[in-house]
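Chemist: Attaching a single structure in structure tokens format; questions to follow.
The values are calculated or read from the model by the stated rules, or taken from the named source; none is laboratory data. Quick caveat, the model's predicted, so the values are computed rather than measured. All Cβ positions, glycine included, derive from the backbone under ideal geometry; neighbour counts span all protein chains shown.
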Amino acid sequence: MEFNDYQKLANRTLLGNEQVLTNCALGLASESGEVIDLIKKYTFNGEDLNRAELVKEMGDVMWYLSQIAEWADIPFEEVAQQNITKLNARYGKQHDEKKA
């Protein structure tokens, strides 16, 4: 799936039109906390890493990110591409070698 396609499909499930940015920012923080909690339990409590739950929570994080981008009229593809460009500039050859 393309990032921009995801962004548009995800936007169909956005409810409300007041304080969307604040709602999405708070949701992003909350869902990021869920990801962090799963990793904390794995790292420090000796629990198995629940892959299915991790994927679900990461999807929730992605949903909120995509909707913040949608609110700001930023194509999600642009966010992803700019991040890869930044990583390439920062890590150069090291980053390219990991792709191979």
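Chemist: Under the condition of being of a type in the set (Ser, Thr, Tyr) and touching a Phe, Trp or Tyr at 6+ places or on another chain (Cβ under 9 Å), which residue from segment 1-51 is nearest to Ala80 (Cα to Cα)?
Modeler: Our first condition is that a residue be of a type in the set (Ser, Thr, Tyr); within segment 1-51, this holds for 6, 13, 22, 30, 32, 42-43.
Going one step further and asking which of them are touching a Phe, Trp or Tyr at 6+ places or on another chain (Cβ under 9 Å), we end up with 6, 13, 30, 32.
Values: Tyr6: 12, Thr13: 21, Ser30: 22, Ser32: 18 Å.
By that ranking, first place goes to Tyr6.
Chemist: Only one residue in Asp96, Asp37 is modelled with pLDDT under 95, of a type in the set (Asp, Glu) and either in a helix (DSSP H, G or I) or loosely packed, with under 12 Cβ neighbours inside 10 Å (or both). Which one? It would help to see each step written out before you state the result.
Modeler: Details: Asp37 fails: modelled with pLDDT under 95.
Checking each option against the conditions leaves just Asp96.
Chemist: So, one more: Would you check which residues across segment 1-53 are over 26 Å from Glu78 (Cβ atoms) and among the small types (Gly, Ala, Ser) and list them?
Modeler: Selection gives Gly33, Gly46, Ala52.
Chemist: Yes or no: Leu54 aliphatic (A, V, I, L, M), in a helix (DSSP H, G or I), buried (at least 16 other Cβ atoms within 10 Å of the Cβ) and without any contact (Cβ under 8 Å) to a residue 40 or more places away in the chain?
Modeler: Numbers: aliphatic (A, V, I, L, M): yes; in a helix (DSSP H, G or I): yes; buried (at least 16 other Cβ atoms within 10 Å of the Cβ): no; without any contact (Cβ under 8 Å) to a residue 40 or more places away in the chain: yes.
Judged against the criteria, Leu54 is not a match.
Chemist: Oh, and also: Can you name the number of the only condition in (1) surrounded by fewer than 14 Cβ atoms within 10 Å (Cβ to Cβ); (2) among the charged types (D, E, K, R); (3) touching a residue at least 40 places away in the same chain (Cβ under 8 Å) that Lys86 fails?
Modeler: Every condition holds for Lys86 apart from (3).
Chemist: While we're on this one: Of the residues Leu9, Leu65, Leu21, which single one is in contact (Cβ under 8 Å) with a residue 24 or more places away in the chain and more than 14 Å from the chain's Cα centre (by Cα)?
Modeler: Numbers: Leu9 fails: in contact (Cβ under 8 Å) with a residue 24 or more places away in the chain; Leu65 fails: more than 14 Å from the chain's Cα centre (by Cα).
Result of the check over Leu9, Leu65, Leu21: Leu21.
Chemist: Something else now. Against the condition modelled with pLDDT of 95 or more, loosely packed, with under 14 Cβ neighbours inside 10 Å and of a type outside the set (D, E, K, R), how does Leu49 come out, does it pass? Don't jump to the end; show me each part of the working.
Modeler: On the way: modelled with pLDDT of 95 or more: yes; loosely packed, with under 14 Cβ neighbours inside 10 Å: yes; of a type outside the set (D, E, K, R): yes.
The answer is yes for Leu49.
Chemist: In addition: Return yes when Ala80 is part of a helix (DSSP H, G or I), of a type in the set (Gly, Ala, Ser) and modelled with pLDDT of 95 or more and no when it is not. Lay out the reasoning, then the answer.
Modeler: Details: part of a helix (DSSP H, G or I): yes; of a type in the set (Gly, Ala, Ser): yes; modelled with pLDDT of 95 or more: yes.
Yes; evaluated as a whole, the condition is true for this residue.
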